[in-house]
Amino acid sequence: MGSGSSVNSQAKSDTVDESAALQRLAKLVIQGDFGQVRQLAMRRLVKSKDGSGRTVLMLVADTRGTPLQAEKCILYLFELGADPKASDAEGNTAAHLAARRDHVRVLALLPFEAKWLQNERGRTPLMEAVLFGSWKCAKHLLHLLRQERFIDEYRGVSTARQLGRFLKASYTGDMSRNPMRQKFFGMKDQNGQTALELAKFKGYSELASYIEREMRLDVVAIGLINGLTKQEEADREKLECLAREGNVATLLRLVTRANCDLPSRAGHTMLMHLVRSVEIENASVWKQLLNLADPTCADINANTCVHHAAEAGNDSAIVALLNAGAAANATKDNGETPLIAAASNTPIRRAFLTGWFLLAGGADWSLKDSRGCTAYEIALEYDKEDLTDLLQPYQSKKFFDETPNLPSPERAEFPEVQPSTGSQSGATTRQTNWSEEEFYPVTNPQGFCIIINIGKYEELKHKEGGTAIIDPEIREGSAKDVQLVRQVFEELRFIVKVREDLKTQEIDDYLNDVKRSEELNKHGSFVCFLMAHGSHDCIYGADWVPYPIDRIVDKFQSYFCQALSRKPKIFFIQACRTNTLAAARSTIRSDRVPAMGQGQTRSTQEAGESSVTFDAAALAPLRNRDLCPAEGDFLRCFASTPGSVAIRDTHRGSPFVQILCRFMQQHYKVHDVSHIMTKVNNFLQKNSVETGDGKLQSIVTQKVDQLARREFTQLECDLEKIRARFESDREMRLQISKESKISGLTVELTDPTCADTSSKSCLHYAADGGNFAAATALLAAGACVNAIAEGLTPLSNLAKNAPDDAETVGFAWLLLLAGSDWSLTSWDGKTALELAIDRTNSGLVELLSQLDEDYYKVTNPQGFCIIVNINKYTATSDITVSHEDREGSQRDVDRVTELFGKLQFRVKKQEDLTAEEIDDFLSEVKRSKELARHGSFVCFFMAHGSHDCIYGSDGVPYEIRKLTERFQASVCKSLAGKPKIFFIQACRGNRIGSRSSRMKTDKLSAPACRNAASAVEYSTMRTDEPPAPVLDPAIHPAEGDFLLCFANTPGSVAFRDTAEGSVFVQTLCSYIETDFKRHDLGYIMTKVNRHLQKEPVQIDNKLYHVVPQKVDQLAHKVSLDPRRAF
């Protein structure tokens, strides 16, 4: 009896010890500590179970996540005999438990057969994933069924004819498609419910729709997956195009769990294209993407995202994918692991680092492909010496006997990682420098959008002949604007806050609260809509106290609002900027201040209610060149130009706000805000507003731009890098020849949409060969006219490769008539027109130029380029206090003359003119008959200046307003509808500390005029009559089509180097010279702004920021490329 009791006690003790050992081993695996796992793990322990019937593999699977180092530990468990099909007391395998916890790393490492077993309740791991809402594991299991190796009906196909018959039967529905897929999707639990029915039962509608789409897909042949709807295919092509271009910000805005893994015919997803095209070194971006996309997804030939990243040498993608649960040792159909793929396909210059990161992530160097070759042997074959040297020390060592002792690479080491839990990817990489990005980063939510709408104004009583009069009117229709703005910006993932009918002090208090909000740190942008009555430079609170717009904007300068430093701050202002036009007695109203009579404007002091205090910025020298300029990153969009009213319909809202919102909804996926504003201006200039008296009122909006990057849209990488990456990868891509793919299968199957694995369709091949008859037949049979292959549509392909002849133009007409979208861009951001220009294909250029309304027409010669340079100032004038010569300005004149001469402009120069001579010269230019033959007008003014004027050589001020009035459409009809561009190198104030002997400022050291009256009396300048209401909507608005580019912001000085020329003009010329073929002038100015904000000016060992300003009233983009004139 005693002996039996002793034996039982010993058995219990052994069981307790074994259970504790299992728990300890599972914990080490979960931590990814391979050294400790190797010491503790034994075959008997790995195969044993605890009291609940669970093995160590099940215990690991039943956790939320593991680090990437756990992969080697789990593979070691398999090496020791761990059974992936073993089940616990409830029949749950490791796959069931992993699916419940959304532990995709464990699930991805299990063999295919172990992922479809049923437990005691008849549920598969897919059903468990559905019931627990485990999206990652559900996607992994669904995506497995896209791979050819798991579809069994191909097994009997051996000859081309058999393959043709098989495909034809598949297309015509003469055979049951994908029985293996149908089997797995049709599996039922003990209640007779499939995974789809369980998703619907649980109310997971999005997941149910996803399963339905996967069930709809047909994996019908090598390289072919069908079944997407037209909308899904369009979404997939859009995401693919953005991924190839590296437009990550737009991608983040458009991508969802439902669309991010849409497969091409070859099974390629957006993520695969992204990792092949661009490196993203921002961990938060990867985190957002991999929370949605499946990192384990593979194409039809089992190429996983890690394979694609390895072949492209994309190290940051490899790290992010492995941290998110992708397997470092996944194999393709031919047995290639990512390490083997790197040995054969990665560019030589990147092979070492790619191999290093894969080894550090747990890659097994001893695995062999279908030919029996290891990664080392393949690296030898491809002469990749660095990778060979890296792998050579491990050739005599076994994978599970050795932990790699890797040499430190030249750049950043492999990051420390934490276990991946649910929404965290764990990727840690260095941040991309802000100055290297062309687009502002986009966050989710994007940012604050505050709407301040003053719809009701207080009764304003004043005495007139002893009678009390009530002046105010309600701003009817403004509620429509608020409603639409809220709707649109909430759709764009902004946090929208509305404040109504605030007094001026309340506006100030509210803006101060917003400025101090800690939430701004989390957001990528700030938008403010101001809707109120207004005058030239202010809006009015509900109490009629004026609030200067400049002071509203100043509150959010980086000096006062660090949370918005280097983030776009965008203001939309729906308010009049004049008091001269009476409101029409109809449903059309103007947001001007009602006439109050002389002396009745209500000031802050007169109100007697509150005293508004404002922040003030003093320009101090910088102590750190990395500080953000206070005035940088602002965009102000006005509903009208200075001196004009803002129109509002009492029933439908204001045209400016309504059209802006409509265009934002239509174009935010493709264009940045600046370009959208140009489209808004174009629309409003073409569609005049009819007032109550039957007259037509033109609307010209104005955009004041101090941005350093594009806003809201793509976070683009450098296009040259993309192009270089594509060229280096081209030879490595699997290509299917024209003969074997098109001539063979297409004729037999008569599929007009057939494409090879690079998505190149039959229509692309017809465009390559100029085969008009074939293209006609393909289009008639249903070929997609906008299919994209390697970034090119058939039309782009034609523009890039076809000869300059009548047949090419005829082919292009055919594609256009069939619905080809000429605005789509290639991988390097070029439209078909720009590709035709590059190839000097005059026939296509002429054809496509007629369709491209985004740009003003280019002529040859392009137009006048007028240069007015005031270098020497006379000392005789009694109104000239300072007559300092502008040393170095001749360098600017020479540079501009040379550059614009090359751009086919007719350059005219004038030096040292008085104010009167400037006026006479401009009047002479305005009357020139040559202007009618020109497509544009450019004018450079280089002089001393102040806030709103430049100074002639006699020291007399010449208002900048008069520069533009000379060329308004109403007085210079030859330039109507053509861009009129002014570059002004002159100070606009005196915000600066001191000046050095070499770096000068273009300001006068003392006031230029003793009084304003003397300037007016001295000058004989005249102002053209302001435009009257138009009688014909086809007439161009007088103030439209202007672009003024200032060297600085109002109140600031403009810098000039006495030896090298002015900072602004020299930088501008450099960027025009390098970018005029690729970018429009507006974006070139943004790049100039970015460069100058990044590089402060040094004076006497002190640094000062330079922030140029762009005042934009254009209706189209401006191209300076003379090749567009072909």
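The values are calculated or read from the model by the stated rules, or taken from the named source; none is laboratory data. Owing to the predicted nature of the structure, the values given are computational and were not obtained by experimental measurement. Methodologically, a virtual Cβ is constructed for each residue, glycine included, from the backbone with ideal geometry; neighbour enumeration extends over all protein chains shown.
A few comments on the model shown:
- The single condition among (1) surrounded by fewer than 22 Cβ atoms within 10 Å (Cβ to Cβ); (2) in contact (Cβ under 8 Å) with a residue 60 or more places away in the chain; (3) outside any loop (DSSP other than H, G, I, E, B); (4) polar (S, T, N, Q) that Q392 does not satisfy is (2).
- Complete set of residues in the stretch 97-127 that are touching a His at 6+ places or on another chain (Cβ under 8 Å) and outside any loop (DSSP other than H, G, I, E, B): L97, V104, L107, A108, P125
- With respect to (1) modelled with pLDDT under 85; (2) surrounded by 13 or more Cβ atoms within 10 Å (Cβ to Cβ); (3) of a type in the set (D, E, K, R), the lone exception for K463 is condition (2).
- Filtered residues of the stretch 128-152 (kept if hydrophobic (A, V, I, L, M, F, W, C) and either under 12 Å from R101 (Cβ atoms) or not in a helix (DSSP H, G or I) (or both)): A129, F132, C137, L145, I151
- Options L251, L196, L207, L239: the member that is in the same structural domain as N291 (by TED's automatic domain parsing), of a type outside the set (K, R), closer than 22 Å to L144 by Cα and in contact with a helix residue (DSSP H, G or I) (Cβ under 6 Å, 6 or more places away or on another chain): L239
Listed here are the residues, each with its yes/no results for (1) free of Cβ contacts under 8 Å to residues at least 12 places away in the same chain; (2) surrounded by 20 or more Cβ atoms within 10 Å (Cβ to Cβ); (3) over 25 Å from K397 (Cβ atoms).
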| site | (1), (2), (3) |
| --- | --- |
| A302 | no, yes, yes |
| V306 | no, yes, no |
| N323 | no, yes, yes |
| L339 | no, yes, no |
| T354 | no, yes, no |
| G361 | no, yes, no |
| S366 | no, no, no |
| D369 | no, yes, no |
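- In the stretch 885-922, the residues that are of a type in the set (S, T, N, Q), assigned to a helix (DSSP H, G or I) and modelled with pLDDT of 90 or more: T897
- Residue check for E233: in contact with a Cys (Cβ under 9 Å, 6 or more places away or on another chain), surrounded by fewer than 20 Cβ atoms within 10 Å (Cβ to Cβ) and part of a helix (DSSP H, G or I): yes
- Tally of residues being surrounded by 14 or more Cβ atoms within 10 Å (Cβ to Cβ) and either modelled with pLDDT of 90 or more or under 23 Å from A646 (Cα atoms) (or both) across the stretch 466-478: 6
- Screening A258, A309, A302, A317 for residues that are at pLDDT below 90 and either of a type in the set (S, T, N, Q) or farther than 18 Å from H103 by Cα (or both) leaves exactly one candidate, A302.
- Applying the criterion of being part of a helix (DSSP H, G or I) and either out of contact with any Ser or Thr (no Cβ under 8 Å at 6 or more places or on another chain) or basic (K, R) (or both) to the residues of the stretch 322-349, the residue that is farthest from P111 (Cα to Cα) is R349.
- Hey, F414 of a type in the set (F, W, Y), touching a strand residue (DSSP E or B) at 6+ places or on another chain (Cβ under 7 Å) and either under 30 Å from L564 (Cβ atoms) or modelled with pLDDT under 50 (or both) or not: no
- Boolean, D333 is surrounded by fewer than 20 Cβ atoms within 10 Å (Cβ to Cβ), within 14 Å of L406 (Cα to Cα) and either among the hydrophobic types (A, V, I, L, M, F, W, C) or within 37 Å of the chain's Cα centre (by Cα) (or both): no
- Scanning the stretch 1068-1126 for residues that are modelled with pLDDT of 80 or more and on the phi > 0 side of the Ramachandran plot yields no hits at all.
- Subset of the stretch 482-511 [surrounded by 15 or more Cβ atoms within 10 Å (Cβ to Cβ) and more than 27 Å from the chain's Cα centre (by Cα)]: R499, E500, D501, L502, K503, T504, Q505, E506, I507, D508, Y510, L511
- Among the candidates N226, N247, residue that is of a type outside the set (K, R) and within 20 Å of S761 (Cα to Cα): N226
- Complete set of residues in the stretch 772-790 that are in a loop (DSSP other than H, G, I, E, B) and modelled with pLDDT of 75 or more: A783, C784, V785, N786, A787, I788
- The stretch 519-529, residues that are surrounded by fewer than 24 Cβ atoms within 10 Å (Cβ to Cβ) and at pLDDT 90 or above: C528
Table: residues versus (1) under 46 Å from the mean Cα position of the chain (by Cα); (2) in the same structural domain as P125 (by TED's automatic domain parsing); (3) polar (S, T, N, Q); (4) at pLDDT below 95.
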| position | (1), (2), (3), (4) |
| --- | --- |
| S3 | no, no, yes, yes |
| A11 | no, no, no, yes |
| G35 | yes, yes, no, yes |
| D50 | no, yes, no, yes |
| A70 | yes, yes, no, yes |
| H96 | yes, yes, no, no |
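- Test: residue in the stretch 521-528 that is under 27 Å from R961 (Cβ atoms) and in contact with a strand residue (DSSP E or B) (Cβ under 6 Å, 6 or more places away or on another chain): yes
- Just one of the listed residues (G156, G173, G164, G133) is surrounded by fewer than 20 Cβ atoms within 10 Å (Cβ to Cβ) and at pLDDT 70 or above, namely G133.
- Listed by position, the strands (runs of 3 or more DSSP E) inside the stretch 511-553 whose residues that are under 29 Å from S284 (Cβ atoms) and touching a Cys at 6+ places or on another chain (Cβ under 7 Å) number at least 1 are 525-531.
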